[in-house]
Amino acid sequence: MLRQYRIRDYDFKLIFLVVALTIIGILAIGSAKEALQNKQITGFVLGFFLMLVLSLFDYSVILKFYWVLYTLNLVLLTLVKVMGVEAGGAQRWVNIFGVQFQPSETAKILLILFFAQFIMKHKDEMDTFRIVSACVLLFIPPILLIYKQPDMSTSIMVMILFCVILFVGGISWKYIILALAVAIPAFIIVLTLILQPDQKLIDPYQQTRILAWLYPEEYAYAEAYQQNNSITAIGSGMLYGKGYRTNEISSVKNGNFISEPQTDFIFAVIGEEFGFIGGCAVIVLLIFISFECIMVARKAKDIAGTIIASGVAALIGFQGMINISVATGVIPNTGIPLPFVSYGLTSLVSLYIGVGFVLNVRLQCKK
């Protein structure tokens with residue numbers, strides 16, 4: 001599984017970018033909730049180590065066990081349903097041998113790896129209904145298990161990831177046009193239905209979040225409270241911010257205006273303390289990391305490598321965009337971590353594992 005590689009083919013630029021973004025996250029978490037900073041550092045060390053190890057393993061060999069990866073993914077997601085740990089009204093974590101983690105985060109990487117090999121084996125049939133429908137059928141069990149936790153935000157992210165994988169995998173344009181022709185009207189109809197008082201399509205709290213986004217003045221002290229405070233905090237940071245670990249009682253963390261600022265609304269802490277410059281630094285790093293992964297995808301030796309690098313690029317880019325959009329009020333409030341920045345060891349380590357595979361794809365790129 002280990003191969004001889006040339007040091008000049010190693011993507012040190014990508015490593016520098018993800019480490020820089022992680023350091024910003026560690027600093028922000030230390031300000032938002034200092035007690036969790038050391039845990040995030042531990043996650044960073046573990047993730048960095050796994051990234052380096054996996055970057056030296058031939059991904060083609062690992063992908064030969066793609067059905068094992070798929071089964072493992074379903075087992076972990078099923079364990080959440082059977083023996084999951086509940087927190088915050090959702091059952092998304094599982095405790096195995098004293099280690100608590102979130103399988104929906106590892107599912108993102110496992111699905112990328114599985115479909116990379118599955119599409120690789122059927123790359124000449126991606127324009128056939130049989131293979132496209134097979135991909136959809138294989139995708140349904142994990143997405144349902146994630147949605148039932150309940151975890152709509154991760155479900156949306158995984159669906160976006162699946163669409164990117166199919167597109168990069170070479171799905172025919174006729175299926176894309178057909179899907180859009182069905183999805184766009186369906187989205188409009190569903191959105192209209194879920195805004196009705198007696199709707200049964202989504203949970204009441206999910207409907208309230210959408211209504212709070214549409215009518216923030218009516219929910220200013222309810223569901224729109226955190227989003228409004230996040231926008232205020234980011235704006236109050238102005239150009240240079242209030243300073244790291246500001247002790248102003250009116251700050252978003254000291255005033256408890258956001259319940260968990262170290263996770264979904266970490267961008268509000270960054271915007272307030274580091275200002276417009278700090279917020280832009282995070283956005284630029286996310287863009288550069290995604291772009292670097294895309295550049296690796298373009299040079300990959302095979303379609304599996306292309307899907308791996310593109311999938312990780314989509315995961316980091318789209319998830320970052322969703323998180324920042326929530327923090328700035330562009331979209332309804334939905335809990336999803338900011339890649340490499342938000343507190344969460346499972347998310348951080350999973351992302352580093354994904355980057356490790358991208359690094360190996362880069363080491364085997366076509367010259």
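The values are calculated or read from the model by the stated rules, or taken from the named source; none is laboratory data. Note that the structure is a prediction, hence the values are computed from the model and not measured. We place every Cβ from the backbone using ideal geometry, glycine too, and count neighbours over all the protein chains shown. The area values use the complete protein model at the heavy-atom level, side chains included, leaving out ligands, DNA and RNA. Shrake-Rupley method; radii C 1.70, N 1.55, O 1.52, S 1.80 Å.
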So for each of 69-82, 143-156 I average, over its residues, the number of other beta carbons within 10 Å; can you give me the resulting order with the highest mean first? 143-156, 69-82
For the chain, what is the calculated [θ] at 222 nm in deg cm²/dmol (nearest 500), taking -39500 (n - 2.57) for each run of four or more DSSP H residues and dividing by its residue count? -22500 deg cm²/dmol
Given a 1.4 Å probe, the accessible area of the chain per residue, as a whole number of Å², is 48 Å²
Here Rg/Rh (Cα, Kirkwood) for region 247-360 equals 1.05
Dipole magnitude of the chain about its Cα centre (Cβ charges: Lys, Arg +1; Asp, Glu -1), debye to nearest 20: 1360 debye
Rounded to a whole number, what % of the accessible area of the chain do carbon and sulfur atoms account for, probe 1.4 Å? 69 percent
